[in-house]
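See structure below.
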Amino acid sequence: MPDWKRLAAARGLGASDEDLARIAPVLDPLHALLCRLTAELPLLTEPLVTFRCEPEEEGR
């Protein structure tokens, strides 16, 4: 399983050890589920991409 503390620090989340200890039991099974589901995706499936104009760019 991922090192949640290291990942949180890398993202600049500043999560405390208590916070991570509280949410890690949920993150571990969620990570395992997403890994399994990702492995089941066909290799040529394209990711969903969306584009949005910023308000000042609309109408240009």
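Before moving on, here are some points about what is shown:
- Equivalent ellipsoid of the chain: semi-axes from √(5λ) of the C-alpha gyration tensor, largest first, are 31, 23, 9 Å.
- Computed helical MRE - 222 nm, the chain, DSSP H runs ≥ 4 contributing -39500 (n - 2.57), nearest 500: -17000 deg cm²/dmol
- Between the helical axis of 17-40 and the longest alpha-carbon principal axis of the chain there is an angle of about 60 degrees.
- Here the chain has 60 percent of its accessible surface on carbon and sulfur atoms, given a 1.4 Å probe and all protein chains in place.
- Solvent-accessible area per residue, Å², over the chain with all protein chains present [probe radius 1.4 Å]: 95
- When only the Cβ of Lys, Arg, Asp and Glu is charged (+1, +1, -1, -1), the dipole of the chain relative to its Cα centre reaches about 220 debye.
The values are calculated or read from the model by the stated rules, or taken from the named source; none is laboratory data. This one's a predicted model, so the numbers in the text were calculated from it and none came from an experiment. Cβ sites come from the backbone with ideal geometry, for glycine too, and all protein chains shown count toward neighbours. Heavy atoms of the whole protein, side chains included, go into the accessibility calculation; ligands, DNA and RNA do not. Shrake-Rupley method; radii C 1.70, N 1.55, O 1.52, S 1.80 Å.
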